[in-house]
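S.K.: First, the structure itself, so that you have it in front of you.
We did not get these values from a lab; they are worked out from the coordinates using the rules stated. Note that this is a predicted model, so its numbers are computed, not measured.
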Amino acid sequence: MKKLIKEPSQIVTINTFGKNYKRGKDLASLEPLYDHSIIVENGIIKDFIKNSTINKHRFDEIIDVKDRLVLPGLIECHTHTAFAGNRANEFLMRLNGATYEEIAEAGGGINSTVKAVRQSSFEDLIKIIRPRIDNFISQGITALEIKSGYGLSYYDEIKLLQVINYFKKLLPIDIIPTFLGAHTYPLEYKNDHKNYIKLITDELLPFIIKNNLAEFVDAFCEKSAFSSEEVDKIFTKAKKLGYKIRLHTEQFNNIGGLDVALKHKAYSADHLEVIRDEDIHKLAKSDVVSVLLPGVSFFLNYNYAPARKLIDQDAIVALSTDYNPGSSNIQNLHFIMSLAALQMKMKAEEIICAVTINAAKAINMNDKIGSIEIGKQADFSIFDAKNYPEIIYNIGQNLNSMTIKKGNIIYKRNPEIS
Ligand code: NIG
Ligand code: FE
């Protein structure tokens, strides 16, 4: 099956010349290609062809993207999409002066969503979560990471992972399940950390990997959640079992999480709102992706991560929504891109690399997706724009008009503009 993605205004290739990520100064180059179309064969990018030399009859299907912008399929590398209920009441409490940490301390926060998830069946969760994934696809997202972390019991963590894996099989995009049993201590283990960690290391981790329910293990290293020693214990076991590691760290406090992430060669260190200046170089010089989540800073009215310092010191920076009910009830990656520009002073080019190739690295898929290079999956987001800064300038607006996964159109805006 040979297809042609025909005559876009511009192809934003994000060519990495085989490196499959961009760090530091390299983030500022997108390698756009003009006057070319893309040849796709069996779902893979086969070649680029000059528009003046196209022979239409050589293709089984022509996808006309005239005057539109082609980007790699966008990648959401950090989300908590698998939740039930909402936390509008806590949002109001915060508007009246309470802080996120105070609410968590008082038994609300993550644990109130845990209660809602425990009350929901597998079928309930399927119904609640499906429209959220469809919404991401409509934004041009072709790979989506989803964490567990709102079950926090043997039964409910597995239930959440089974829901995520159900969508992984059913839907045409890549869905990457992450086990986040160490999100916080559930109320019944509030004063029994030892046994909750034991539940994770001795029961959940072996079962999940044996049943192929998750390839990544994440944790929340924070005063209100897990200490660096506790995270280290969980990661040591996880690594032994063959998991890949990621870590929520340096969100509100510096309690040693960054060193644990580096020690275990995590794929990413996420949040970093309060990373210390003197620690930036350690992360920036490593291969650990810095996943920045400016939606959290916006939603909690809190510090933004030092994106400029990280990039200037050579870090591999990615961006994501962190979509969740408590600290970033924002399901709009395009809005996050605008926030990164306005609040973290990232350049348009850096932002595009951060939601494509570097986000792909955070989920260990950067050899297959994240850039428009020959041999990679034919995953594209087709924007109704002449040039990429328009995506960031039109704040909160969805300019994606078509999402293509492995060469197939999986979303088309209705009525489509052609
Ligand atoms: O990434 N930091 C911890 N976890 C989420 C928040 C989850 C919640 O409040 O429900 C985050 O910000
Ligand atoms: Fe998160």
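S.K.: Would you look at the GNM of the chain, springs on alpha carbons closer than 10 Å, and say which of Thr53, Thr142, Thr178 moves the most?
M.R.: Greatest mean-square fluctuation among the candidates belongs to Thr53.
S.K.: If you don't mind, there's one more thing I want to ask. If each Cα of segment 35-194 is one equal point scatterer, what is log10 of I(q)/I(0) from the Debye formula at q = 0.09, 0.13, 0.17 Å⁻¹?
M.R.: Log10 I(q)/I(0), no solvent term: -0.46, -0.74, -1.03.
S.K.: Read phi for every residue in segment 150-157 and hand back ³J(HN,Hα) as whole Hz from Karplus 6.51 cos²θ - 1.76 cosθ + 1.60, θ = phi - 60°, with x for Gly and Pro.
M.R.: Karplus values, whole Hz, x for Gly and Pro: 10, x, 6, 9, 4, 5, 6, 5.
S.K.: Write down Rg/Rh for segment 75-362, rounded to two decimals, with Rg from the C-alpha atoms and Rh from the Kirkwood relation over Cα pairs. Spell out each step's value before the answer.
M.R.: Values: Rg = 17.3 Å, Rh = 18.7 Å.
That ratio is 0.93, to two decimals.
S.K.: In deg cm²/dmol and to the nearest 500, what is the mean residue ellipticity at 222 nm of the chain if only DSSP H runs of at least 4 residues count, each as -39500 (n - 2.57), divided by the residue total?
M.R.: Taking each H run of at least 4 residues, the total per residue is -9500 deg cm²/dmol.
S.K.: Another one. Which residue, Gly256, Gly295, Gly370, has the most motion in a Gaussian network model of the chain that connects Cα atoms within less than 10 Å?
M.R.: Maximum among the listed residues: Gly256.
S.K.: Then there's this: Among the listed pairs Lys2/Lys361; Lys22/Lys190; Lys25/Lys244; Lys169/Lys223; Lys239/Lys282; Lys22/Lys386, which are separated by more than 30 Å between their Cα atoms? It would help to have the intermediate numbers written out before the result.
M.R.: Details: Lys2/Lys361 28 Å; Lys22/Lys190 41 Å; Lys25/Lys244 27 Å; Lys169/Lys223 37 Å; Lys239/Lys282 21 Å; Lys22/Lys386 24 Å.
Correct reply: Lys22/Lys190; Lys169/Lys223.
S.K.: Which value results when the Cα radius of gyration for segment 178-288 is divided by 2.2 N^0.38 Å?
M.R.: 1.03
S.K.: Using θ = phi - 60° and the Karplus curve 6.51 cos²θ - 1.76 cosθ + 1.60, what whole-Hz ³J(HN,Hα) does each residue of segment 219-234 get, with Gly and Pro shown as x?
M.R.: The phi angles translate into 8, 10, 8, 6, 3, 7, 10, 10, 6, 5, 5, 5, 4, 4, 4, 5 Hz.
S.K.: If one computes the Cα centroid of segment 319-375 and of segment 237-253, what distance in Å separates the two points?
M.R.: 20
S.K.: Report ³J(HN,Hα) in whole Hz for each residue of segment 361-368, in order, from the Karplus equation J = 6.51 cos²θ - 1.76 cosθ + 1.60 where θ = phi - 60°; Gly and Pro get x.
M.R.: Calculated HN-Hα couplings, in order: 5, 4, 10, 6, 10, 6, 7, 10 Hz.
S.K.: Now, a different point. Determine the distance separating the Cα centre of segment 1-62 from the Cα centre of segment 211-231; give it in Å without decimals.
M.R.: Cα centroid of segment 1-62 versus Cα centroid of segment 211-231: 39 Å apart.
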